[in-house]
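The structure appears below as structure tokens.
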Amino acid sequence: MKALLVLLLAQLCSASLVPEREKDPEYWRWQAQETLRNALRLQRLNQNVAKNLILFLGDGMGVSTVTAARILKGQLQHGQGEESMLEMDKFPFVALAKTYNTNAQVPDSAGTATAYLCGVKANEGTLGVSAGVTRDRCNTTKGQEVTSILRWAKDAGKAVGIVTTTRVTHATPSAAYAHSANRDWYSDGEMPPDALEGGCRDIARQLVENIPEIEVILGGGRKYMYPKNVSDVEYPHEEKHRGTRLDGRNLVQAWHEAKPRGKVAEYVWHRQGLLALNLSRVDFLLGESLHPRVPWHQLGALGGPLACRGVLGQLQWPVILPRQALHEAVELDRAIGLATHLTSTQDTLSVVTADHSHVFTFGGYTPRGNPIFGLAPMQSDVDRKPFTSILYGNGPGYKIVAGERENVSAVDFAHANYQAQSAVPLRQETHGGEDVAVFARGPMAHLLHGVHEQNYIPHAMAYAACIGSNRGHCNAAARTATPLLLPFLSLLLLLLC
């Protein structure tokens, strides 16, 4: 009798999770037919020339992260979550990208950045160079440099920009402008003597020298721009924030000096400074915070003459901190929504993808609407302890208490800094090796379909925009293209207050 009562209660609870409209089969038939009608419209391919290119890059944003972020977005809007739609979900074309590096089954961010920005697969840990370069070997670099889609756009006379929530010299954005045998050579203070003697330049220096007319650069990591032991403008008494450069150069000053006569170049180092600018009178903007990671909501909206026709927008989140990671993924999606609202599919190709995944998963037979950061409705049938739905394959979340797995019900697993449990103890969680999604919208978006090598992405984008080496089709395309609706991409990202 007791077992029957429990079964009936479970069935009642399960039934209550299902919205009334979803109990009607006609709802699902209508939903499928509407989806079919939208799919049939895609037969009329958009073959316009893309005047604007936007690449949104979620660092570590694997498919499981996209799904979990979708659920969180819906739950933040007081829904159950699973039925929610991310902005990237609305993009009509989706592909998968194979993320392996030329020498690594599970990739790192430098080799993948070289692929999706420069169109060439590379060894792990190397930036903007071919697979002929060995990590840490400065003397293998010469002649192996490869250029990025940002360079191709600049050479075609376009305005370009980099906006990132990590340091500007981090592996992910720096492949847009740098060539390095080691992703960690942020300044010459991080380089070994043999690399300096061999004539290799640090990444921060290349930011200023390689493509001096990048219109917009926003991110973190300003200490790499200043001479060693120079006090930080915001934290002058903290030694760890002091400059790191050994050559004595002030690269912010060098950035100013490299700008054409008569052009206005502004440097800001906090949000208030950015908001105080009259952007209609600014030609070049460099914004660098102190911190290696800039909170996504602190990045600002840019408009007017700072229109960028080739944009890399990057998000990086803390691993093993699922609450922070997924909230930042939702913020990224808000920025994608803003860009979608402010641009036209007639002249703007927008692409959303990831460099690689992480060993992030969620499961445990959770019921519909279960809080994405919550517990699974079952206990382990081995150690009889509860577990959160979100787990990691490896990392610092592995914890043994009194010889057993930690009981998560005894800790605040809803805290922003909670480290999700992991199966294998590591000081740092690793990347994942599976394919990542590529979402595309706008001119020639249909070129991003199926399963591709990751280095295909910038070639498809360049073809759409008639930049780079593959331009034989461009004159005919320009004659038949639909008139452009927007003179330029007026905003990069939303100021999220």
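The values are calculated or read from the model by the stated rules, or taken from the named source; none is laboratory data. A quick note: this is a predicted structure, and the numbers were derived from the prediction, not measured. Here the Cβ positions follow ideal geometry from the backbone for every residue, glycine too, while neighbour counts run over all protein chains shown. With ligands, DNA and RNA removed, areas are computed over all heavy atoms of the protein, side chains included. Shrake-Rupley method; radii C 1.70, N 1.55, O 1.52, S 1.80 Å.
Spread over its residues, the convex hull of the C-alpha atoms of the stretch 137-289 is 117 Å³ per residue. Between LYS228 and ALA131, what's the calculated FRET efficiency when r is the beta-carbon distance and R0 is 25 Å? Round to 0.05. Efficiency, from the Cβ-Cβ distance: 0.15. Subtracting the Cα-Cα distance of ARG41 and TYR235 from their residue separation scaled by 0.36 nm leaves 64.3 nm.
With all pairs of different alpha carbon atoms counted, what Kirkwood hydrodynamic radius in Å does the stretch 63-193 show?
On the way: mean 1/r = 0.0601 Å⁻¹.
Radius from the Kirkwood sum: 16.6 Å.
Between the C-alpha center of the stretch 447-477 and that of the stretch 164-182 there is a gap of 23 Å. Projecting the Cα atoms of MET225, GLN379, ALA335 onto the charge dipole of the chain, computed from C-beta unit charges around the Cα centre, puts ALA335 farthest toward the positive end. Note on the stretch 364-425: along the principal axes its Cα atoms extend 33, 27, 21 Å, ordered by decreasing extent. Counting only lysines at least 8 places from LYS240 when in the same chain, those with an alpha carbon closer than 23 Å to its own are LYS223, LYS228. DSSP finds beta bridges in the chain, and of those with both partners inside it, around 35 percent are antiparallel.
For the chain, the per residue solvent-accessible surface stands at 45 Å², with DNA, RNA and ligands left out and a 1.4 Å probe.
Run through the stretch 114-204 and list the trypsin sites (Lys or Arg not before Pro) located in a DSSP loop whose Cβ has at most 15 other Cβ atoms within 10 Å.
On the way: sites: LYS121, ARG135, ARG137, LYS142, ARG151, LYS154, LYS158, ARG167, ARG183, ARG201; in loops: LYS121, ARG135, ARG137, LYS142, LYS158, ARG183, ARG201.
Filter output for the stretch 114-204: ARG137, LYS142.
Over the chain, Cα pairs under 8 Å with separation of 6+ residues give a relative contact order of 25 percent. Remark: the chain carries a charge dipole of roughly 900 debye about the Cα centre, counting +1 on each Lys and Arg Cβ and -1 on each Asp and Glu Cβ.
Of the options [x] 34, 29, 21; [y] 39, 30, 21; [z] 42, 27, 17, only one is semi-axes √(5λ) of the Cα gyration tensor in Å as computed from these coordinates, and that is [y]. Relative contact order, whole percent, for the stretch 364-425 stands at 33, derived from Cα pairs under 8 Å and 6 or more residues apart. Using a simple charge model, +1 on the beta-carbon of Lys and Arg, -1 on the beta-carbon of Asp and Glu, nothing else, what dipole does the stretch 94-183 show about its Cα centre, in debye to the nearest 20? Once rounded to the nearest 20, the dipole reads 100 debye.
Applying the Karplus relation 6.51 cos²θ - 1.76 cosθ + 1.60 with θ = phi - 60° to the stretch 161-178 yields 3J(HN,Hα) values of x, 10, 10, 9, 8, 9, 5, 4, 8, 5, 3, 5, x, 6, 5, 5, 9, 10 Hz, where x marks Gly and Pro. Using only side-chain charges placed at the Cβ, +1 for Lys and Arg and -1 for Asp and Glu, the dipole size of the stretch 364-425 relative to its Cα centre rounds to 100 debye.
For the stretch 373-481, trypsin sites (Lys or Arg not before Pro) meeting the loop criterion (DSSP other than H, G, I, E, B) and having at most 11 other Cβ atoms within 10 Å: ARG384, ARG427.
Rounded to the nearest 0.05, what FRET efficiency is calculated for ASN278 and GLN253 with R0 set to 25 Å and r the Cβ-Cβ distance? According to the calculation, E is roughly 0.65.
The stretch 17-101 gives an Rg/Rh value of 1.03, both radii derived from C-alpha positions and Rh following Kirkwood.
Considering only HIS473, THR172, ALA440, whose Cα is most displaced toward the positive end of the charge dipole of the chain, charges sitting on Cβ of Lys, Arg (+1) and Asp, Glu (-1)? Of the options given, the answer is HIS473.
So, R0 is 51 Å and r is the distance between the beta-carbons of GLU26 and GLN379; what FRET efficiency does that work out to, to 0.05?
Working: r = 39 Å, r/R0 = 0.77.
The computed FRET efficiency comes out at 0.85.
How much of the accessible area of the stretch 364-425, probe 1.4 Å, is carbon plus sulfur, in whole percent? On the stretch 364-425, the fraction of accessible area on carbon and sulfur atoms equals 56 percent.
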